[in-house]
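What follows is a single structure, written as structure tokens, with notes after it.
The values are calculated or read from the model by the stated rules, or taken from the named source; none is laboratory data. For clarity, every value in this text was computed on a predicted model and none was experimentally measured. Glycine also receives a Cβ, built like all others from the backbone with ideal geometry; neighbour counts cover every protein chain displayed. For the accessible areas, the whole protein counts, side chains as well, though only heavy atoms, and no ligand, DNA or RNA atoms are used. Shrake-Rupley method; radii C 1.70, N 1.55, O 1.52, S 1.80 Å.
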Amino acid sequence: MDMGGLGKVYRDGEIVVRQGEMGDCMFVIQAGQLEVLREEGARELRLTVLGKGDIFGEMALFDGGVRSATVRALGEARALTLDKRTFLRRVHEDPSLAFRILQTMSHRIRQLNGELVRLKSEQTEMAAPRG
Amino acid sequence: MQRIATAFHGSRRTSDFDDTRLDGALALEDDSRVAVIGGGPAGSFFTYFLLDMAQRISMRLEVDIYEPRDFAVTGPAGCNMCGGIISESLVQHLAAEGIDLPSTVVERAIDSYVLHMDESDVRIGTPLQEKRIAAVHRGAGPRGMKEAKWRSFDGYLLDLAAGKGAHLVRGRVDDISLKDGRPVVQTQGGSPQGYDLLVAAVGVNSSAPKLFEKLGLGYKPPRTTKTYVSEFYFGQETVEKYLGSSMHVFLLHLPRLEFAALIPKGDYITLCLLGMDIDGPLVQSFLNAPEVKRCFPPGWSVPQDFCHCSPKINFQAATQPFADRVVFVGDCGVTRLYKDGIGAAYRTAKAAAVTAVFSGVSAEDFRRHYWPTCRAINTDNNIGKLIFIVTRQIQKNAHDRRGILRMVSREQQNPEGARRMSTVLWDVFTGSAPYREVFVRTLHPCFLGRFLWDIIVTTLVAIWPLHRDRAEARMRWKRAP
Ligand SMILES: Cc1cc2nc3c(=O)[nH]c(=O)nc-3n(C[C@H](O)[C@H](O)[C@H](O)COP(=O)(O)OP(=O)(O)OC[C@H]3O[C@@H](n4cnc5c(N)ncnc54)[C@H](O)[C@@H]3O)c2cc1C
């Protein structure tokens, strides 16, 4: 038994956050993998797979909005919750605590940009007249 | 010495980050040298964050950490003596910083605490039923340990600091002086080394703070008192059976005792007693209390030989914990009263590191950017002192204790309802929230009303048989011929 494992254990397929629900915390993965899914009607689109050390759920902490995606355990996984209040109180005292979150967010924007470029070029290719 | 001369030359510059800086002020720049005296949590956190921030702005710094202890050694030689609880808030802050405590270091992840009182005991779980408190050994483990299964917490942090590029000097600093306003550090048998910034992270359990007093910087070490920690071997199964994944705290009416806890850690149970001058007789009275005996296997008695120590703890902060090119972090500067000392080491160390990188290293820089963090901790400690006075009164008063027990028990039975007393106790015992916040919550009319009601109910229940007995005795007396 892993007596020193911090956080909460999620069984395979267990949902950690659900798209559309209000969120007041973010998570840091301590062990295992989780998949990030976007639910569009009856369809489920896997956006990415996260692993040890990755952060998720941070957007709800800053924009106070609802969860933008569902996160589900892929096999057994363990994640630690970071409370909004504890985190923001500390950011107020030490704004540099947000560096890592900013780093994660800018990394995600880069990924999204790459994805956008790929989709646009695919679209352009499809629209271009074939000779 | 060539290296020192180069480092000293041209270490003044105008900061790019603080436009209020006056020309000629003291600041770090590429190749500046920094000495960190002490590789406990404060020293390691300072080094880690200093180098992390410096890397972010592409500044090259040379950092030497002086630490005589080898944290891979078991027993007192490799241990910085403490209860070893990493608070819920610190676990979260570190995770946000990208420092996840691995289960090779965390000997027990804690999800609850059990409050023991003479009347009964009650278990209080974390709000999310999640393991967010870490129990660790500061060294490789207690003296006489059979097998080292976990790593030292302090060793882990020191490795993180070294991983950022710091140079570890294994040795005790035995002299510090100032030459042309710059600190010079000397270890036994080593040559004097000059630095642009000296960071004192020596704690309060050595004579090192005195080295700084003699420099005439206005620094006065914190005032301390003696505490007690011991380690009892039981084996993992027994520890699991008797303590589980809970920290066990005691509200007993024992004079001079402010806080008592039994903490499960791997094969061991750590006993931690805080208060004023904890001595042998007080430890004995604690261990003999029936509430405490209940937590150990029946018939268990204190072994002849076991690892124990009486480290010092701060009850009043240091005076003037900074000067030009010198800053004091962790216990030797300012820390939290009785709780979350490692969390305070993280906060002060990081504030000092941020100041040194982004503002400068003059006394004025530290006063403006570092001191507010220390002052906030000091102010909070004053409220903490008030809370401990109230707790002491509660310890003395059986009705109050019963009131607490009733209020907490009812809250725990109704997980959907408000957990006012449970969260107050949780934060006081685990050190997870500032004392001020805890105090404000106790002033809430709902908290006070509920507590008062529970005291009245438990008092009536307690005295009712007494009244009945007295009334019956009166009747018998009246009926008597
Ligand atoms: C009984 C007790 C229980 C406690 N329990 C907890 C707890 O459960 N949780 C918690 O968060 N805090 C707890 N604390 C507080 C905690 O131990 C301290 O706040 C913490 O250790 C402070 O870290 P530091 O780095 O400032 O000092 P220290 O941990 O004392 O480290 C100082 C370092 O400096 C080194 N050093 C000293 N002199 C020299 C020298 N001349 N040259 C080079 N190096 C030197 C030492 O070897 C040591 O490694 C407890 C304290 C006590 C006394």
remark   = For chain B, the dipole about the Cα centre with charges only on Cβ (Lys and Arg +1, Asp and Glu -1), to the nearest 20 debye, works out at 1860
remark   = With the label point 7 Å along the Cα-to-beta-carbon line of A:Arg11 and a cut-off under 20 Å to each amide N, the hits in the range A:46-80 are A:71-80
query = By the gyration tensor of its Cα atoms, with a ≥ b ≥ c the square roots of the eigenvalues, what is the shape of the protein assembly as shown: rounded for a/c under 1.5, prolate for a/b over b/c, or oblate?
reply = oblate
query = Taking a spot 7 Å from the Cα of A:Arg18 along the direction of its beta carbon, which residues of the range A:44-70 have an amide N less than 13 Å from it?
reply = A:67, A:70
ask   = With the solvent-accessible surface defined on protein heavy atoms using a 1.4 Å probe, which residues belonging to the range A:1-27 display a reduction of at least 30 Å² in accessible area in the multichain context relative to the isolated chain?
value = A:Met3, A:Gly4, A:Leu6, A:Gly7, A:Lys8
Label-point separation in nm, B:Ala418 to B:Ser245, each point 7 Å along Cα→Cβ = 3.0
remark   = When the charge dipole of chain B is computed with +1 on Lys and Arg Cβ and -1 on Asp and Glu Cβ about the Cα centre, the Cα farthest towards its positive end, among B:Leu443, B:Trp453, B:Ile389, belongs to B:Trp453
key: Principal-axis tilt of helix A:84-93 within chain A, Cα atoms, nearest 10 degrees   = 90
key: Selection from A:Thr70, A:Gly53, A:Thr104 lying farthest towards where the dipole of chain A points positive, charges on Cβ   = A:Thr104
request  = Filter the trypsin sites (Lys or Arg not before Pro) in the range A:16-79 down to the DSSP loop ones having no more than 16 other Cβ atoms within 10 Å, then list what survives.
outcome  = A:Arg18, A:Lys52
Rounded accessible area per residue of the range B:392-473, 1.4 Å, Å² = 54
query = Roughly what % antiparallel, to the nearest 5, for the DSSP beta bridges in the protein assembly as shown?
reply = 75
query = What spacing in nm lies between the two simple spin-label points modelled at B:Ser285 and B:Ala148, each 7 Å away from Cα in the Cβ direction?
reply = 4.0
remark   = On protein heavy atoms with a 1.4 Å probe, the accessible surface that disappears when B meets A, both sides summed and given to 100 Å², is 2700
ask   = What dipole magnitude, in Debye to the nearest 20, does the range B:392-473 give about its Cα centre under +1 on Lys/Arg Cβ and -1 on Asp/Glu Cβ?
value = 160
request  = Assign one of three labels to chain B, namely rounded, prolate or oblate, based on the Cα gyration tensor with a ≥ b ≥ c the square roots of its eigenvalues; rounded applies when a/c is under 1.5, prolate when it is not and a/b is larger than b/c, and oblate otherwise.
outcome  = prolate
query = About its Cα centre, how strong a charge dipole does the protein assembly as shown have in debye, to the nearest 20, once Lys and Arg get +1 and Asp and Glu get -1 at the Cβ?
reply = 1800
Net lengthening on full extension, B:Ile389/B:Trp300 (0.36 nm per residue, minus Cα-Cα) = 28.7 nm
inquiry  = Give the residue list of GluC sites (Glu not before Pro) in the range A:1-59 that are DSSP loop and have at most 11 other beta-carbon atoms within 10 angstrom.
reply    = A:Glu21
key: C-alpha center-to-center spacing [the range B:415-431, the range B:29-71] in angstrom   = 38
note = Of the residues B:Leu282, B:Pro76, B:Leu425, the Cα lying farthest along the dipole of the protein assembly as shown towards its positive end, which is defined by charges on the beta carbon of Lys, Arg, Asp and Glu, belongs to B:Leu282
ask   = When only DSSP loop residues count, what trypsin sites (Lys or Arg not before Pro) in the range B:203-290 have their Cβ near at most 12 other Cβ atoms within 10 Å?
value = B:Lys214
task = May I ask for the Rg/Rh ratio of the range B:392-473, computed from Cα atoms with Rh as the Kirkwood radius, given to two decimals?
result = 1.07
task = Keeping the other protein chains in place, figure out the carbon and sulfur percent of the accessible area of the protein assembly as shown, with a 1.4 Å probe.
result = 54
